[in-house]
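These notes concern the structure reproduced below.
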Amino acid sequence: MADLQPRPNLSRIKPYQPGRPIEVVARELGIKDEIIKLASNENPLGISPLARKALAENIREGNFYPDDSGYLLKEKLAQRYGVDPEMVILGNGSVDLIYLSAFAYLDPGDQLIMTRGSFIIAKIATHIMNGELIEIPPTKEMRHDLKGILNAITDRTKVIYLDNPINPFGTIVGREEFDRFVDHLPPHVLLISDEAYYEYSTDKNYIDSMKHLMAGKNILILHTFSKIYGLAGLRIGYGIARKEIITALMKVRLPFNASRMAQIAAYHALDDEEHVRKSVKVNEAGKEYLYREYDRLGLFYLPTNANFIFVDFKIDAQPIFEKLQRRGVITRPIPQYGFPTALRITIGDEHQNRKLISALEEILGGASQ
Ligand SMILES: *Cc1c(COP(=O)(O)O)cnc(C)c1O
């Protein structure tokens, strides 16, 4: 008998490389001073205060399993979007829902289409299912090439994954362009519209995917509590789609895929309009400051619709990443996405942004350590 082997398609998977946690960097480099993390697009204002209060009040219920139906949170979300609660699904982060879509829709050999270099989870999910991954290069402006994606659709295409804004570029497709795209989608295809940063997008031209969902299109809209609501550590996101699509996803999920504490925190974070407003404001101010400073330092960057900026140093970015890290600033190298000369850097609060810029200035000015 041959030795135990994992399924051959797993050889195509490179494990996801998350941003490095502060405690890991502190331990590894023996850094005692402050370390700031600008690597995972977390909210620099922290967790929503309303969520934090609710968590403290409910922590003693941690011995109970969650409400697996997610009744209260789904009701609240359904009301907010004017849909039936049966059109909502909760996830262990919104990445959970990308996996569930692959589990529910991809037979071996079925195709998932996405933009090359965009958020990598859909790629991993496709390989797990032994699906065929079709990657369309981004346009020169580092946007989704919607025409290219449409042209790539075949009878075997089941899922199109579109993150908008794109992680790691921060660019968006405009509303009209998106509308035309959706109008051309054939009925055998599911479009995942991953809108993890939509609360941050201040562009008036941002897409309206709800309209298409309400018109009966095969769209799964993904939102998350990880970014603007500051709940990344609790792991909760949600999807909205037609009932038939949600029913399929519900069949393949693990029970209790949204924890009790995550549901409670999310429920209260939704009421925290002040936290959301402040977060957008801090992000806008940070964006303006960083654009100015990147310009001053002569760095190439992509204007963003999210809370991170793609900065291309045009030289190997790994040494820059390491020097920043030694100065207590964690950023995100993205060679896995195909951009070894770039870093994806989260927009922080004022203090964090200043610390980033002064470290960069030192490094680019020729400091060797
Ligand atoms: C951050 C991010 C998410 C959110 O993931 P969670 O699992 O909800 O934490 C989803 N999609 C993209 C493109 C992201 O950048």
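Things to note:
- Of all the criteria given as (1) more than 16 Å from the ligand (Cβ to nearest atom); (2) within 19 Å of the chain's Cα centre (by Cα); (3) modelled with pLDDT of 95 or more; (4) not small (Gly, Ala, Ser), the one not satisfied by Tyr229 is (1).
- Note on the stretch 303-312: residues that are buried (at least 19 other Cβ atoms within 10 Å of the Cβ) and not in a strand (DSSP E or B) amount to 4.
- Restricting the stretch 8-60 to residues that are among the small types (Gly, Ala, Ser) and surrounded by 12 or more Cβ atoms within 10 Å (Cβ to Cβ) leaves a set whose member that is nearest to the ligand (Cβ to nearest atom) is Ser40.
- Cβ-Cβ under 7 Å pairs, at least 6 apart or on other chains, the stretch 317-342 side closer than 15 Å to Lys355 by Cα, far side in a loop (DSSP other than H, G, I, E, B) and aromatic (Phe, Trp, Tyr): Ile320/Phe313
- Residue in the stretch 96-105 that is farthest from the ligand (Cβ to nearest atom), counting only those that are among the hydrophobic types (A, V, I, L, M, F, W, C) and buried (at least 23 other Cβ atoms within 10 Å of the Cβ): Ala102
- Test: Tyr65 is within 24 Å of the chain's Cα centre (by Cα) and not in a helix (DSSP H, G or I): no
- Sub-7 Å Cβ pairs linking a first residue in the stretch 287-309 that is over 16 Å from Glu42 (Cα atoms) to a second residue that is part of a loop (DSSP other than H, G, I, E, B) and modelled with pLDDT of 95 or more, at least 6 apart or interchain, are Leu290/Ile347; Leu299/Phe313; Phe300/Lys314; Leu302/Met142; Leu302/Phe169; Leu302/Gly170; Leu302/Thr171, ordered by first then second residue.
- First in the stretch 249-264 and within 14 Å of Phe64 (Cβ to Cβ), second anywhere and among the aromatic types (Phe, Trp, Tyr) and part of a loop (DSSP other than H, G, I, E, B), Cβ under 6 Å, 6 or more apart: Phe256/Tyr65
- If the condition is being assigned to a helix (DSSP H, G or I) and of a type in the set (Phe, Trp, Tyr), then the stretch 236-294 contributes Tyr267, Tyr289, Tyr291, Tyr294.
- The stretch 158-199, residues that are of a type in the set (Ser, Thr, Tyr) and either at pLDDT 95 or above or more than 16 Å from the ligand (Cβ to nearest atom) (or both): Tyr161, Thr171, Ser193, Tyr197
- Residue count, the stretch 9-55 (criterion: assigned to a loop (DSSP other than H, G, I, E, B), among the aliphatic types (A, V, I, L, M) and farther than 24 Å from Asn307 by Cβ): 2
- Among the residues of the stretch 111-132, those identified as of a type outside the set (Val, Ile, Thr) and crowded, with 19+ Cβ neighbours inside 10 Å are Gln111, Leu112, Met114, Gly117, Ser118, Phe119, Ala122, Lys123, Ala125, His127, Met129, Gly131.
- Residue check: Gly348 meets all listed conditions (1) part of a loop (DSSP other than H, G, I, E, B); (2) within 30 Å of Gly70 (Cα to Cα) but one, namely (2).
- Test: residue in the stretch 83-91 that is within 14 Å of the ligand (Cβ to nearest atom), in contact (Cβ under 8 Å) with a residue 24 or more places away in the chain, within 24 Å of Thr171 (Cα to Cα) and small (Gly, Ala, Ser): no
- Filtered by the rule that a residue be without any contact (Cβ under 8 Å) to a residue 24 or more places away in the chain, among the charged types (D, E, K, R) and away from the ligand (no atom under 15 Å from the Cβ), the stretch 114-135 gives a lone residue, Glu135.
- Lone unmet requirement of (1) of a type in the set (A, V, I, L, M); (2) free of Cβ contacts under 8 Å to residues at least 40 places away in the same chain; (3) within 16 Å of the ligand (Cβ to nearest atom) for Leu150: (3)
The values are calculated or read from the model by the stated rules, or taken from the named source; none is laboratory data. Being a predicted model, the structure only gives us computed values, none of them experimental. A quick note on method: Cβ atoms are made from the backbone with ideal geometry, for glycine too, and the neighbour counts reach across all protein chains shown.
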